[in-house]
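Colleague: I am attaching a structure below and will ask some questions about it afterwards.
The values are calculated or read from the model by the stated rules, or taken from the named source; none is laboratory data. The structure presented is a predicted model; accordingly, all values stated were derived computationally and were not measured. FYI the Cβ positions are ideal-geometry reconstructions off the backbone, even for glycines, and counts take in every protein chain you see. Side chains included, ligands, DNA and RNA excluded: accessible areas come from the protein's heavy atoms. Shrake-Rupley method; radii C 1.70, N 1.55, O 1.52, S 1.80 Å.
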Amino acid sequence: MKSKQSLNTTDEELSSLEEVTEQEEKKILSSLRSEAYQFVPDKLLSILKECGICTEISPADEKLVLDSFKLDEASFQKDALLEIKKETGTYVPELDKETQKTQKRIRKEGRRIVPDVERAVMAESGIKRRNRKPLFFGIGGGVLGLAAAATAVVLVINFANNASSTTGTASYISFTVTPASYSASKNVASYYSITDENSAPINRNTPTWNFLSDKDNIVSKSHFRTGNYSASLITESITDDVAAPSLVKSLLKSCYSAGYLETRSASQYNNVNIQVFTTDPNYKSNYYESYFNSVDEALKETLVYANFAITVTDMSSEYSGLSTDMVGKINNLYFNFDEKVNIDTLKQLSEPIIDSLNELLANYNRAKLTPRAEHALKDALRMSLEAYLNKVEIPYTEEEAAALKESIIAKAGSLPWVNEGNLEKVSASLENDAYYMIGDKIAGFDDDGVFELFADYRNYVIAKNTVNEETYLSLLGDLNELAKSAREMTGIFADGYNNEKPDQGPESHIGQRGDGPKEEGWGHGGIHEGEMPPDGPYGDDSGHPDGEPPSSKPSDSPEPK
Amino acid sequence: MEDEKLEQAMCALKAGDGNALGEIYNLTSKKVFTFVLPLLRDYQLAEDVMQDTYVTCYKSINTYKEGTNPKNWLLTIAKNSAISELKKRNREISYDFSDDRHPDGVYYLGDIESPTITLANKVLSEEEFNIVMMYAIGDYKHREIADILHLPLGTVTWKYANALKKLKAAIEENQTEYEKQTKLKYN
């Protein structure tokens, strides 16, 4: 056999070689695999002999084996019934396809259950990759963790717009409603679990709003923001300035109308959560009761039960010297990053980056994404923030990265969120580096390990674009452009399992479980339990150990589980 | 599924069922062989080390702890066998594949009749050959190959892609001869 291919092929010569299509790759691999028995020497007999394991067979055993071969002979013959079915036209190939589909699904699901043993082999065998470098360092932790860090690091905050410093008067409020079915499902399944198709669908959509209030706890319309897509489907803005507790009441009633407060079972409670970060040391004593009453009234008016929790964190020292606007922006990032990036870290960012991140998140929060996709995007943004602050090393050369990208695009069909319907669009999107900003938790079924490659390229994109403020702003800008088109790009963004849908909107929730109690003896609605204010609105001698208002608990409603 | 089978076979071997060694061999020999070959850089030596690996596996099965990773355990034995073989010959593990090329190709493969592998052996560099064999025959993922060969993942995918391009070109160039050999082999 002749061969002109030089071993030291130059880049030019290589680029002149024809690309290998997926089909051709499969063919070559299949040829190699079929020749594997020639390449890998058969040493079994020698091994067995060396180990002294008997390899001879007694005449009796030989007869037994030969007889069993005769019995199995039929399995080598054609399936007569199948042939008849094919000839008479009663053969239904779809059944086979369905079987294959089921098998594929079982296999895929199996991969999720069976741990990734092969990866562990490498990890535990002591073989280390020479050039492998950790890309990201944790900067997470809650507010408290950060407060501790702040004692060691003196932060110099030098924001341009510091004129309207409102130290001691700004409060940032995050308000979230969690439907009862989702609250209940959290006890038995994780956020990433697959919905049991036989049971009623779980409403995993949790509308969230974030707003800033002034010294009198008044929220201005310019400081009201939706925290996610579900919230944007209910109320995107407010028309007048309003007291925060009244705003909560009105939003809660809208949540009921839109089906996010459920009345399916008296033993499953919705959850209403309010988190307040404030510079007002008296916020809790001043406003707790009005929040409590607002929520309780809204629930009673709609005959809904809910658990209610409110936490108030005094941030006087952390917000010292910040303008009201900046308090809002930083807190907005804090909540959008699921409280995994602490506030002191966010304060280290320049105003253009804070603004860009806020604009980006606002656009994505209005985009039509699944909760999982929103989560994954924020996860990647958090990673980019870590990389920007820690300055990580770029893991690949441009050439290597291009090859990596090429192989991902070639195998785009194996990405967990890709199906026949969106393959073409996703493949085109993969050309855009910003599209790779997806966090690790998105990974679902990943037959060919393509998401691993995807994540590696994402790490490269992050590292490459976080070397300085200019490159980072450019990446955020590209991502923002993507966000603007996201509403029209349903199904293109990663959802992890390619069968999830973004929130279908209020109309899909109404009529299922948000339209009034179904059970007899449901009662009057109200707060089920919650943190009570000091000395509580009903006092310690109310006779209600769990702090429930006497009128809120129906006498004949079942006890919660 | 294969991991489960391997775990079961390991447990059976530990319980005294010598025949389980055959099952272990069938499940892992391709992985073990393509793992030790780049370490030893010698086809015949890799054969010997593979045999040693399974003999050692049999002799030290009592040290295998049930519930731990059987593939990991076996590959550790293989790696140690390779290191001790190289020590015997005063050689060191090297990942520099730039020299020592056999006139027949990357390795002297003896008289094996495998047209595609023979061609790959001839036209690919040692690194490319190892990457392709580990991926196609050893069933390793690119990431694992990167770990074993101490290369960045991007380099592995890049070299893999280049190797396929070269191989495709070589097959096309030698089409007539290749097809003849393939037919001879399968007829």
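Colleague: Using protein heavy atoms only (no ligands, DNA or RNA), what is the total accessible area buried between B and A, 1.4 Å probe, nearest 100 Å²?
Modeller: Accessible area lost upon association: around 6900 Å².
Colleague: Could you name every residue in region A:395-414 that has 20 Å² or more less accessible surface in the full protein assembly than in its own chain alone (probe 1.4 Å, ligands and nucleic acids excluded)?
Modeller: Listed by number, the residues meeting the 20 Å² cut-off are A:Tyr396, A:Glu399, A:Glu400, A:Ala403, A:Leu404, A:Lys411.
Colleague: Then there's this: Take the alpha carbon atoms of region A:231-352, find their radius of gyration, then divide it by 2.2 N^0.38 Å using N residues; give the quotient.
Modeller: 1.20
Colleague: Please work out the average accessible area per residue across region B:2-88, using the 1.4 Å probe convention, and give it in Å².
Modeller: 40 Å²
Colleague: Can I ask one more? List the trypsin sites (Lys or Arg not before Pro) within region B:1-80 that DSSP assigns to loop and that have no more than 13 neighbouring Cβ atoms inside 10 Å.
Modeller: B:Lys65
Colleague: Take the cross-link list A:Lys368/A:Lys425; A:Lys391/A:Lys464; B:Lys5/B:Lys141; A:Lys221/A:Lys284; B:Lys31/B:Lys71 and give me the ones stretching past 18 Å between alpha-carbons.
Modeller: From A:Lys368/A:Lys425; A:Lys391/A:Lys464; B:Lys5/B:Lys141; A:Lys221/A:Lys284; B:Lys31/B:Lys71, over 18 Å: B:Lys5/B:Lys141; A:Lys221/A:Lys284.
Colleague: Here is a follow-up. Quantify how strongly other chains surround peptide A:381-391 by giving the mean number of their Cβ atoms within 10 Å of each of its Cβ atoms.
Modeller: Taking the mean over all residues of the peptide, I get 0.
Colleague: Need one number: nm distance between label points at A:Ser46 and A:Ser285, each 7 Å from Cα along Cα→Cβ, rounded to one decimal.
Modeller: Label at A:Ser46, label at A:Ser285, 8.7 nm between them.
Colleague: Continuing with the same structure: Give the average, rounded to an integer, of partner chain Cβ atoms located within 10 angstrom of each Cβ in A:290-299. Mind showing how you got there, number by number?
Modeller: On the way: counts 0, 0, 0, 0, 0, 0, 0, 0, 0, 0.
The per-residue average across the peptide is 0.
Colleague: Further question on the same structure: Could you sort A:Arg372, A:Arg264 by their accessible area in this structure, using a 1.4 Å probe and putting the largest first?
Modeller: Largest to smallest exposure gives the sequence A:Arg264, A:Arg372.
Colleague: I'd like the distance separating the alpha-carbon centroids of region A:18-51 and region A:233-254, in whole Å.
Modeller: 66 Å
Colleague: Using a 1.4 Å probe, how large is the accessible area of A:Asp379, given in Å² and rounded to the nearest 10?
Modeller: 10 Å²
Colleague: If we sort A:14-26, B:153-165 on the protection proxy, mean other Cβ atoms within 10 Å, highest first, what's the order?
Modeller: B:153-165, A:14-26
Colleague: List, in order, the whole-Hz ³J(HN,Hα) value for each residue of region A:36-47 obtained from phi through the Karplus relation with A = 6.51, B = -1.76, C = 1.60 and θ = phi - 60°; use x for Gly and Pro.
Modeller: Result, ordered by residue: 4, 5, 7, 6, 8, x, 8, 10, 4, 4, 4, 5 Hz.
Colleague: Now for a different question. Per residue of B:135-142, what is the mean number of Cβ atoms on other protein chains within 10 angstrom of that residue's Cβ?
Modeller: 5
Colleague: Could you tell me the accessible area of A:Leu44 in Å² (1.4 Å probe, neighbours in place), rounded to the nearest ten?
Modeller: Here the accessible area works out near 40 Å².
Colleague: For region A:381-472, just list the percent of Cα-Cα distances falling in each 5 Å bin from zero outward, please.
Modeller: 3, 14, 24, 25, 17, 11, 5, 1
Colleague: Using only the alpha carbons, work out the radius of gyration and Dmax of region B:2-88 in angstrom.
Modeller: 12.4, 36
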